Amino acid sequence: MKKQIISLCLIFLLFPVIVMAAHDHPQKTKKGILLVAFGSSVPQAQVSFDNLDARVKKEFPNTPVHWAFTSHIIRKKLAKQGKQLDSVAMALAKMMDQGFTHVAVQSLHTIRGEEFDDLIHTAHAFAGMPGGIGRIRIGDPLLSSPKDMEDVTAAIIENIPAKRKKGEAFVLMGHGTPHPSNAFYAALMFNLQRKDPRIFVGTVEGAPTLDDISAMLKEKNIKNIYLTPFMSVAGDHARNDLAGDEADSWKSILQGQGFTCTFVLKGTAEYDNMIDIWVAHLKAAMAD
Ligand code: CO
């Protein structure tokens with residue numbers, strides 16, 4: 001009788017545990033990486049994505065690497081060509097379905113602008129979902145911290161073509177944004193000019209503008225300029241707004257003002273020293 005009472009008590013004690021276990025489906029840890037870029041419709045830009053993909057897979061050989069692209073317009077454009085690319089929400093939903101428990105999301109954006117804010121909101125929504133991915137960590141864009149400022153400055157200077165002479169300018173074209181983080185571009189120029197007063201940073205859609213830059217070039221009596229995009233890919237902005245033949249391209253405007261222009265059409269993700277910075281951010285996200 002005593003034995004029966006003890007077993008009965010045990011059953012009642014264990015009952016809640018059994019119920020919980022039945023509803024909880026304790027999952028095995030499954031770690032993944034999601035790389036997030038704006039995207040590009042220019043085929044030559046693919047070299048940047050391939051570069052990043054190869055490098056991340058080399059650094060994390062046992063972690064599956066997925067991709068997502070934040071530009072709706074570019075995804076639509078490529079879908080018409082038969083190339084289906086995932087948005088962040090689509091990629092995270094797929095990873096959730098595939099049983100990923102820990103996902104490191106690495107932003108391949110340049111600054112913490114609107115796209116990055118959206119990325120944080122989407123990732124948080126997935127992390128808070130019942131049965132969702134338990135842990136999502138987000139790696140910072142290229143230029144996010146004071147240390148990044150130093151590392152990006154050093155990388156830009158290292159990547160300047162050796163044939164550029166001291167009296168010639170080196171001009172970077174950033175994207176620019178109405179978001180407050182647009183201030184990073186002017187901050188970067190300030191930091192670069194402390195090392196080399198003939199390096200300039202302008203933007204297509206924010207400040208400093210091309211007018212700001214050309215006024216500075218004239219003030220410093222510079223005639224010859226090297227120009228390059230400060231974006232992860234040398235895509236549409238680099239090929240058209242920067243180096244295109246249209247009347248409103250930087251090339252046409254600057255040549256019209258008497259400058260001699262040489263173009264370096266390479267995105268930042270084509271340089272190993274820039275990829276190092278993104279990979280360091282991903283490592284920090286993975287370690288958390
Ligand atoms: Co744009």
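Filter region 161-185 down to residues that are surrounded by fewer than 17 Cβ atoms within 10 Å (Cβ to Cβ) and within 13 Å of PHE230 (Cα to Cα), then give me how many there are.
So the count comes out to 0.
If I filter region 173-185 for residues that are in contact (Cβ under 8 Å) with a residue 12 or more places away in the chain, within 16 Å of the chain's Cα centre (by Cα) and at positive phi, do I get at least one hit?
Yes: region 173-185 contains one or more residues that are in contact (Cβ under 8 Å) with a residue 12 or more places away in the chain, within 16 Å of the chain's Cα centre (by Cα) and at positive phi.
Any residue that is within 20 Å of GLY39 (Cβ to Cβ), among the hydrophobic types (A, V, I, L, M, F, W, C), within 16 Å of the ligand (Cβ to nearest atom) and outside the structural domain of ALA45 (by TED's automatic domain parsing) - is there at least one of those in region 246-254?
No; the residues of region 246-254 include none that is within 20 Å of GLY39 (Cβ to Cβ), among the hydrophobic types (A, V, I, L, M, F, W, C), within 16 Å of the ligand (Cβ to nearest atom) and outside the structural domain of ALA45 (by TED's automatic domain parsing).
One residue is enough: does region 144-163 have a residue meeting the conditions outside any helix (DSSP H, G or I), touching a helix residue (DSSP H, G or I) at 6+ places or on another chain (Cβ under 9 Å) and touching a residue at least 12 places away in the same chain (Cβ under 8 Å)?
For region 144-163, residues outside any helix (DSSP H, G or I), touching a helix residue (DSSP H, G or I) at 6+ places or on another chain (Cβ under 9 Å) and touching a residue at least 12 places away in the same chain (Cβ under 8 Å): present.
Go through (1) within 16 Å of the ligand (Cβ to nearest atom); (2) open to solvent by less than 50 Å² (accessible area, probe 1.4 Å); (3) farther than 24 Å from ALA243 by Cα one by one and return the number of the condition ASP118 breaks.
(2)
Would you pick out the residues in region 228-249 that are under 27 Å from TRP278 (Cα atoms) and not small (Gly, Ala, Ser)?
Those that are under 27 Å from TRP278 (Cα atoms) and not small (Gly, Ala, Ser): THR228, PRO229, PHE230, MET231, VAL233, ASP236, HIS237, ARG239, ASN240, ASP241, LEU242.
May I ask you to verify whether ALA104 is surrounded by fewer than 16 Cβ atoms within 10 Å (Cβ to Cβ), of a type in the set (Gly, Ala, Ser) and under 26 Å from THR63 (Cα atoms)?
no
Each row is one residue, and each column tells you yes or no for (1) aromatic (Phe, Trp, Tyr); (2) open to solvent by 20 Å² or more (accessible area, probe 1.4 Å); (3) at pLDDT 95 or above.
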site	(1), (2), (3)
VAL47	no, yes, no
ALA91	no, no, yes
ILE111	no, no, yes
HIS124	no, yes, no
ILE133	no, no, no
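The values are calculated or read from the model by the stated rules, or taken from the named source; none is laboratory data. Treat the numbers as computed from the prediction; the structure is a model and nothing was measured. For neighbour counting, all protein chains shown are included, and Cβ atoms are generated from backbone atoms with ideal geometry for every residue, glycine included. Note: accessible area is taken over every heavy atom of the protein model, side chains too, but ligands, DNA and RNA are not part of it. Shrake-Rupley method; radii C 1.70, N 1.55, O 1.52, S 1.80 Å.
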